[in-house]
Structure formats: structure tokens, C-alpha cells
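The values are calculated or read from the model by the stated rules, or taken from the named source; none is laboratory data. Everything numeric in this text was worked out from a predicted model, so none of it was measured. A quick note on method: Cβ atoms are made from the backbone with ideal geometry, for glycine too, and the neighbour counts reach across all protein chains shown. SASA here: full protein model, heavy atoms, side chains in, ligands and nucleic acids out. Shrake-Rupley method; radii C 1.70, N 1.55, O 1.52, S 1.80 Å.
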Amino acid sequence: MTEQSLSTQCSSVLRWTLLVMATVFSTAVMAQSVYQLPPGVVSRMSSPENHNGVQGQGARLNQGAKGHAFDAIPAHGHVDLLNVDGPGIVKRIKLSTSDRSAKRWQQLRIVMTWDHADKPAVSVPLDAFFGLAFGAMKPYQSVWFTDAEGRSLTSTLPMPYRTGAHIAIYNDGDTPLTHIYYNVSYERWPHAPPHMAYLHAYWHRNTPPLGQDFVILPRVKGHGAYLGTNIGVRADPIYGAHWWGEGEVKMYIDGDRRYPSLVGTGVEDYFGTAWGMSHFINRDSGCVIANKKTLRWACYRYHAPDPVYFQHDLKVTVQQIGGGPLAEVREHAAHGAPMKLISVDANGHISNLLTMQHPPKLSDKDFPDGWVNYFRHDDWSAVAYFYLDTPTDNLARKHWQGSHAPTP
């Protein structure tokens, strides 16, 4: 490779990286840039009073006095929040509904398609996209998502596009939703910048077999940046009150297969806390729901300060590992709790049972007395957010309906 071509390649990568970083941190630098006037940029807002924010066409009903403040969504139908052509960026989405029950939230999903693509980049349960779970609305505020007073949802995650944007809410229920209020603030650009990345989000829910990791993000192909996740965990009561989050979050980057390049030390560490998980709300990480009675947790970790860049592909998983004192682990095992022993921490002395030629049995009298880690299985769901250099991705998104458990 010549010095000139190497310089050109490095310059291209640098421009792309700087663009993604600028997009990710747009909310953080808003105070510094709001006084600048970008050439040719036009501000618009789509709402029921003026779909798509057409020039001079807002508030025309009832002599401009709140003539059309909400839309309805028919049963098994949808409503477009935004459907526009040309280059631009969605800066903010705010919405609320008249029916905020868990049953209704189980029936709604948000779908986003960029550049008139043949499949969406986002198709996610509505509450999950905004950082919640189980159909439960909870007051909180993070760097990109807010549920003000537990009654409305807001996103400020930047969503750029080159030739068009289509954002819709689908109602998979058998009854209509009579009221949905929304405002979608976006900008029309004179042209799209080079090396622009598109927002994608992937959601799924399952209970992997014992010893298998829960996949937060299947291997996605392309050039992009991982922005983080929010998860919902329905812990299996067969394990009692034992901690479910001893598993490590692993990121397999650019060809990693058996072993990842990025690996943490436990679920609570990845989500920004330690020694278990209680309710807390921070800018980049938090736990919106921590209900030890119903064994429900809903947590988020957004990589605003540390996006994970990948050049070719990325896969993100989390292990299903629990832990507890030896006596309690024996008790749960005796009652039929599925588990596979992993290790024992006896006052700082670690016994890695999986690599022992003849590991002790749980019933042995000389089994090390300490904190026992073991594979378990629980009911997990997750949304993974990422930017990609294409408006579509290689991930299969199954249609879902009624996916959430009742409100904790």
C-alpha cells in the first residue's frame, strides 16, 4: 500500500469515526452548538396537528384551536408518526397514549425504516425501545430516553437518514387505541454527510438452555458502533432469592469466534453498580425495576461515553450464571433447581470446578464452603442499539405479539 493510499484510507476512517462520535454525543455538546446556524438546515415537527410538519399546514382544524391533538390506531393497524423523503435526521420523539396498561403496552411496537428500504432497521416493543420492560411505565431519565412521571416516553437518540424516514406505531391488539399523542422533531438537510451511519435496534426474548449464553445482539455484519442495551429479566423462582447476575457480558468483535475481545466481570458491573442490583437511575446506566418479590429486573447501559466500534462484525452475549452460599445452593438443588456448578469462592480462594479433572460433588462433605457460582436459566429479553453503515442489516426479526409479563 502506498503512503498516499494509506493516508487516504486513514483519513476516510477518521472522518467516519468523528461523524459517529459527533452523532452519539450530540446531546452532550448541544449547549456548545445551539448558537451555530448550519447552512440549509430546516427544522420540522410531525404531530397529529400537522403530519410530517408540512410548511404552513399546521393547526388548520377548528380555527387552529386544538382541532386534532391525537390520532387513533385501529386494531391490527398502525399510525405513521413520520413519513418523509430526502436527507435529514430525527432529533426527538415524544409520545403518550390514553391506555397505559400493561396489557396495552404488550400490543404496541415501534417500527423504523430508513431510505425506503425493504425491511425495517427497528421493530421493537414500544416500552422496550424507550428503556422499559414488562409493559410497566416507570419515571426515569437517561442520556437518550425518558419516561416523565411514568406517563409519557421520549427519545433523543439521533436518527439520520439519506433519502427518507418512516416511523410508525403498530397495534397488534384486537381493540383500537383511541388516543396517541406524539411529536417528532426532525431536521431537513440540504445533503447527507459522507460516511453516515443509521440507527438500528434488535429485540428478542427467550430462555436459553442451561449453560448457553443469552444473545443480546446476534452477529451483525458491517461497519458500525454498538450503543448499548436495556434488558428485562424474569428470574425463575425455583432459585429463590439467589442473585441471577453473576454472568459476564461478552463482545465478539471483527472475527472473534470462541473467545471475545471484550469481557466484563458480571452483570451488575456492566450496568454500573456492584454486589447485586437495586433500583438506581443514572445518565448512562441504571435499573428502572428491581422487584425482589416478583423477581423482575429492568436495567439499561448506554455507551454514550464509550461506544464500541467494529469494522466488520459484532456479537454481544451475557452468561446465565447465578450464585449463592453453599448451604442455599444445596437446598435449591435438592428441590430440583436446574444448575451446573462453575466455581467456588472460599474467602478469596477460587476453585474453578469446570477445569478440574475430578471436581467435588455438591453433596460431598469436603466441598469448599463459600460462594458458589452456577449456570442457571431465566427468562431474558433485551434491546440492542447500534449504528450501521447501511439502512438494513442481516438480522432476522420475528413477529411478536403479547410478549411481556404483567406489570410487576
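Of Gly370, Phe130, Ile321, whose Cα points farthest to the positive end of the dipole of the chain (charges on the beta-carbon: +1 Lys, Arg; -1 Asp, Glu; origin at the Cα centre)?
Towards the positive end, the residue furthest out is Phe130.
Would you mind telling me the share, in percent, of accessible area of the chain contributed by carbon and sulfur at probe 1.4 angstrom?
53 percent
Taking the Cβ-Cβ separation of His68 and Asp118 as r and a Förster radius of 35 Å, what is the calculated FRET efficiency to the nearest 0.05?
E(calc), rounded to 0.05, equals 0.65.
Cross-link list Lys91/Lys221; Lys293/Lys361; Lys221/Lys250; Lys292/Lys340: which exceed 28 angstrom alpha carbon to alpha carbon?
Beyond 28 Å: Lys293/Lys361.
With a ≥ b ≥ c taken as the square roots of the eigenvalues of the C-alpha gyration tensor of the chain, please select rounded if a/c is under 1.5 and otherwise prolate if a/b is larger than b/c or oblate if it is not?
Oblate shape, in that a/c is at least 1.5 and b/c is the bigger or equal ratio.
Quick check on region 273-408: take the gyration tensor over C-alpha atoms, sort the square-rooted eigenvalues as a ≥ b ≥ c, and tell me if it's rounded (a/c under 1.5), prolate or oblate.
Prolate.
Please list, by residue number, everything in region 337-374 whose backbone N is under 17 Å from a paramagnetic label point 7 Å out along Cα→Cβ of Val263.
Flagged as within label range: 342-344, 350-356, 373-374.
Taking the alpha-carbon distance from Lys119 and a cut-off under 17 Å, which aspartates and glutamates remain once sequence neighbours fewer than 8 residues away in the same chain are dropped?
Hits, sequence-local ones excluded: Asp80, Asp85, Asp389, Asp393.
Assuming 0.692 mPa s and 37 °C, estimate D for region 126-229 with Stokes-Einstein, Rh taken as the Kirkwood radius over Cα pairs, in µm²/s.
Diffusion coefficient, whole number: 193 µm²/s.
Would you work out the relative contact order for region 138-205, in percent, from Cα pairs under 8 angstrom that are 6 or more residues apart?
Worked out over region 138-205, it gives 24 percent.
Defining a contact as two alpha carbons under 8 Å apart and six or more residues distant in sequence, what relative contact order in percent does the chain show?
Result for the chain is 21 percent.
Please say if region 224-339 is rounded, prolate or oblate, where rounded means a/c under 1.5 for a ≥ b ≥ c the square roots of the C-alpha gyration tensor eigenvalues, and otherwise the choice is prolate for a/b larger than b/c and oblate otherwise?
It comes out oblate by the Cα gyration axes.
So which chymotrypsin sites (Phe, Trp or Tyr not before Pro) in region 242-331 end up in coil per DSSP with only 11 or fewer other C-beta atoms within 10 Å?
Counting only loop positions with at most 11 other Cβ atoms within 10 Å, the chymotrypsin sites (Phe, Trp or Tyr not before Pro) in region 242-331 are Trp275.
If I take every Cα pair under 8 Å that is 6 or more residues apart in region 261-352, average their sequence separation and divide by the length, what percent do I get for the relative contact order?
Over region 261-352, the number comes to 13 percent.
Quote the Stokes-Einstein diffusion coefficient, in whole µm² s⁻¹, for region 24-153, based on the Kirkwood radius over alpha carbon pairs, a temperature of 37 °C and a viscosity of 0.692 mPa s.
After rounding, the answer is 192 µm²/s.
Given the DSSP H assignment, sum -39500 (n - 2.57) over each helix run of at least 4 residues in the chain and divide by its residue total; what's the result at 222 nm in deg cm²/dmol, nearest 500?
-3000 deg cm²/dmol
Could you rank the peptides 86-95, 328-337 by their average count of other C-beta atoms within 10 Å per residue, with the highest value first?
Result, highest mean first: 86-95, 328-337.
Quick one: angle between helix 3-24 and the longest Cα principal axis of the chain, in degrees between 0 and 90, rounded to 10, please.
It is inclined by approximately 90 degrees.
Over region 273-408, average the accessible area per residue using a 1.4 Å probe and give it in Å², no decimals.
In whole numbers, region 273-408 has 49 Å² accessible per residue.
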